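Input: a single structure, listed below in C-alpha cells.
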Amino acid sequence: MYLSLDGRGPRYAQLIRALKEAILDGRIAAGTRLPASRALANELDLSRNTVLIAYDQLRAEGFIEAHVGSGTWVAALTLSPKPKAPRLAVPPQSRYARRVRRTHERRLGRLHRGLRYDLQYGEPLTNPTIMKSWRRELTRAASDVHIDYPDPRGLPALRDAICGYLARRRGILAQRKDVLIVSGAQQAFSLTARVLVNEGETVVLEEPGYFGLRQLMQAHGAQTVPVRTDSEGLTCTSLPTRGVRLICVTPSHQFPSGAVLSARRRLDLLRYAGRRRCWILEDDYDGEFRFDARPLAPLRALDQCDCVIYVGTFSKMLFPSMRLGYMVLPEALREDFLAAKWLSDMGTSAIEQAALANFMSGGGFERHLRQATRTLKARRRALLGGLRRHAGERVETVDSPAGMHVVVWLRGYSRAAAAALIERARRYELGLYSIAPHYAKPPSRQGLLLGYAGLPASDLEEAMQLFGRCLDEQRLTPPS
Ligand SMILES: Cc1ncc(COP(=O)(O)O)c(C=O)c1O
C-alpha cells in the first residue's frame, strides 16, 4: 500500500493522516480491505503498536470498520468529492497528438446509457451459452499455455484454425505464414497505416464509411479521400486517377449502407490496384452473417497481384471485448507487418488465443456461427416487420441481406427535426442513432443506423412500436 508519512509529530498521528487522506482522495476506495496490522507495520517500517493505535482511532472516527475474523475494511462514507484540480492546458506535444486531439473531439461515444431499448450499432449478440463455453475454454487455456512471450505472429494453432475456417466459409486459401493475429480490426488498421502510409499520402475511404478507420487514418496524417458508394458499393469510376497509396473497402457488407460490392466492381477495383500499384485493405468485419444470397468471393480470393490485405475480426462473430482479429497478408508485406506488430505489443495475449484456437478446432465456433446467424435473422425479421407496421411510408428502409444493422432514411426530416426525434425517443427509453457521423460530409437527407444484435425479437417489436409513436408525435409538433 502506497502511503507517504509527512514526518510531523508522533508516528501513529502521521499514519492516521496519511490513511485519512488516501480514503478521502478515493485512492483507497470504500470496501477495500486494509492490510493486517503486522503486514502494514512491516511494509512501512513502523511498530505494530503504532498501526494498531492508528486503526483504533480511524475506527472510532468511522473511517474504517473491523469485522471479527475477516479483517479491517474502509467504510462507505458519504462525502462530497474533493473538487478536481483543473486539467493543465498542455499543448499537444507532437503532430500526432495534435491530430489525435482533433479527431478525439469528434469521437463517437455511446450517446445513451442504460436505455430499455438501445439500438446502438456494435452491440454484441447476446447469447449466454457462448459465455459459458468461453469460460470453459479460457480455464483450459490458462492451465496449458506457455508463460513466455507468445509468437508475435500469433499462436500456430490459432492461425491454422483460421486458415481452415477461411477456406471452408470464405473461400480464401491461406497458409499459416500468411496470417497475423491482431488485437481486433482496429490494430490491423493501425499496423496498415504505419507500414504502408506516410504523412500526406492518399488513402481512399468509402463515403459513408467506418468512423474508426477514418479517424485512425486522419490521426496518422494520411490525406483521406472519401469516394462515394451506391447500391453496388464503392463507385470505382470515382477513384482518383493517380497518387493513391491505399484503398479501404468493406466489400461483403458496406459499412454502414449495407450494400454488397458487385462482382463487376470487385474486378474493376482489383484491376485499378494492379495497374496503379496501390494496396487494398479489405475489412470483412461481419461478412459471416449473410441471410439470403450466397456470398460473393472476397477480394482476397480473387486477388491475382497479391495486393489485398484481408482483415477479419471476432468482435462481431463472437464479442468485441475479446479484442482478437487477424490479417491475411500479401507475401511482400509479411515481414514488415510482423516487425510493426512486435514493436506495437510483442504479441497478443496467448491465453485468449489458445482458448479461441480450441474453440475453433473443437467445432464450437462454427456451431455458434450457425446459431448466431439464425438468431440475427429472426431479429432482423422482427425489426423490419416492426418498421413496416409502425413506421410505414414515413421511412425508407435500406434492405441489406447481411450484418447486424439496418439503415433507415427519414422522409421529409430536417437535421433539427431528426435530432428532436432522437431526443424524443430517448425519453421513451429508446436509443436511436443518426447515420451522419459516418459521413465525411453530412448527407443531404437524415438517416438512422439501427443496430439490432443486442435485443431479442420481442423487444425489437416493442422498440419499433415506440419508434412509430415518436414519428407520430414528431409530426404533430410544429417546427420551432
Ligand atoms: C466496419 C467495421 N470495421 C471494423 C470494426 C472494428 O472491429 P474491432 O472491434 O475488431 O476493432 C468495426 C467495429 O464495429 C466495424 O464496424
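The values are calculated or read from the model by the stated rules, or taken from the named source; none is laboratory data. In this text the structure is predicted, and so the values were computed from the model without any measurement. Glycine also receives a Cβ, built like all others from the backbone with ideal geometry; neighbour counts cover every protein chain displayed.
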Looking across the range 257-288 at residues that are aromatic (Phe, Trp, Tyr) and touching a strand residue (DSSP E or B) at 6+ places or on another chain (Cβ under 6 Å), the single one that is farthest from residue 324 (Cα to Cα) is 279
Report every pair of residues separated by at least 6 positions or lying on different chains whose Cβ atoms are under 8 Å apart, first residue within the range 17-43 and within 19 Å of residue 66 (Cα to Cα) and modelled with pLDDT under 90, second loosely packed, with under 14 Cβ neighbours inside 10 Å and among the basic types (Lys, Arg). 24/82
Please specify each residue of the range 278-307 satisfying the condition of being within 19 Å of residue 178 (Cα to Cα), within 16 Å of the ligand (Cβ to nearest atom) and not aromatic (Phe, Trp, Tyr). 280, 281, 282, 283, 284, 298, 299, 300
Which of the residues that make up the range 217-262 are within 30 Å of residue 399 (Cβ to Cβ) and polar (S, T, N, Q)? 224, 229, 231, 235, 237, 238, 250, 252, 254, 257, 262
If only one of 310, 413 is within 29 Å of residue 248 (Cβ to Cβ), out of contact with any Phe, Trp or Tyr (no Cβ under 8 Å at 6 or more places or on another chain) and not in a helix (DSSP H, G or I), which one is it? 310
Scanning the range 126-178 for residues that are free of Cβ contacts under 8 Å to residues at least 24 places away in the same chain, small (Gly, Ala, Ser) and farther than 20 Å from residue 313 by Cα gives 143
Applying the selection to the range 415-444, what residues are surrounded by fewer than 18 Cβ atoms within 10 Å (Cβ to Cβ), within 23 Å of residue 211 (Cβ to Cβ) and not hydrophobic (A, V, I, L, M, F, W, C)? 415, 423, 426, 437, 439, 441, 442, 443, 444
From the list 349, 321, which residue is within 16 Å of the ligand (Cβ to nearest atom) and modelled with pLDDT of 95 or more? 349
Would you mind telling me which numbered condition in (1) modelled with pLDDT under 90; (2) of a type in the set (Ser, Thr, Tyr); (3) outside any helix (DSSP H, G or I) residue 72 fails? (1)
Among 88, 108, which is at pLDDT below 95, within 16 Å of the ligand (Cβ to nearest atom) and hydrophobic (A, V, I, L, M, F, W, C)? 108
Search the range 192-212 for residues that are within 21 Å of residue 276 (Cα to Cα) and pair each with any residue that is of a type in the set (D, E, K, R) and at pLDDT 95 or above when their beta-carbon atoms are under 6 Å apart and the residues are at least 6 apart or on different chains. 195/336; 197/245; 201/245; 202/245; 205/214
Spot the failing condition for residue 211; the list is (1) surrounded by fewer than 23 Cβ atoms within 10 Å (Cβ to Cβ); (2) touching a Phe, Trp or Tyr at 6+ places or on another chain (Cβ under 7 Å); (3) under 27 Å from residue 103 (Cβ atoms), and only one is missed. (2)
Could you please let me know if residue 356 is surrounded by 17 or more Cβ atoms within 10 Å (Cβ to Cβ), within 16 Å of the ligand (Cβ to nearest atom), modelled with pLDDT of 95 or more and over 18 Å from the mean Cα position of the chain (by Cα)? yes
Identity of the residue in the range 149-180, outside any helix (DSSP H, G or I) and within 15 Å of the ligand (Cβ to nearest atom), that ends up surrounded by the fewest Cβ atoms within 10 Å (Cβ to Cβ): 154
Against the conditions (1) modelled with pLDDT of 95 or more; (2) among the β-branched types (Val, Ile, Thr); (3) part of a helix (DSSP H, G or I), where does residue 407 fall short? Just the number, please. (3)
Residue 269 fails exactly one of the following numbered conditions: (1) in a loop (DSSP other than H, G, I, E, B); (2) more than 15 Å from the ligand (Cβ to nearest atom); (3) aliphatic (A, V, I, L, M). What is the number of that condition? (1)
Options 174, 142, 97, 157; residue that is in contact with a strand residue (DSSP E or B) (Cβ under 6 Å, 6 or more places away or on another chain), more than 30 Å from residue 378 (Cβ to Cβ) and of a type outside the set (Asp, Glu): 174
Those residues of the range 181-217 which are within 14 Å of the ligand (Cβ to nearest atom) and outside any helix (DSSP H, G or I), in sequence order: 181, 182, 183, 184, 205, 206, 207, 208, 209, 210
Of the conditions (1) farther than 27 Å from residue 278 by Cα; (2) not in a strand (DSSP E or B), residue 397 clears all except one; give me its number. (2)
The number of residues in the range 137-148 that are under 17 Å from residue 324 (Cβ atoms) and either basic (Lys, Arg) or part of a loop (DSSP other than H, G, I, E, B) (or both) is 2
Does any residue of the range 248-259 turn out to be aromatic (Phe, Trp, Tyr) and within 16 Å of the ligand (Cβ to nearest atom)? yes
For the condition more than 16 Å from the ligand (Cβ to nearest atom), touching a residue at least 24 places away in the same chain (Cβ under 8 Å) and either among the β-branched types (Val, Ile, Thr) or part of a helix (DSSP H, G or I) (or both), what is the one hit in 370, 374, 334, 388? 334
Would you call residue 258 assigned to a loop (DSSP other than H, G, I, E, B) and either under 19 Å from the mean Cα position of the chain (by Cα) or touching a residue at least 40 places away in the same chain (Cβ under 8 Å) (or both)? yes
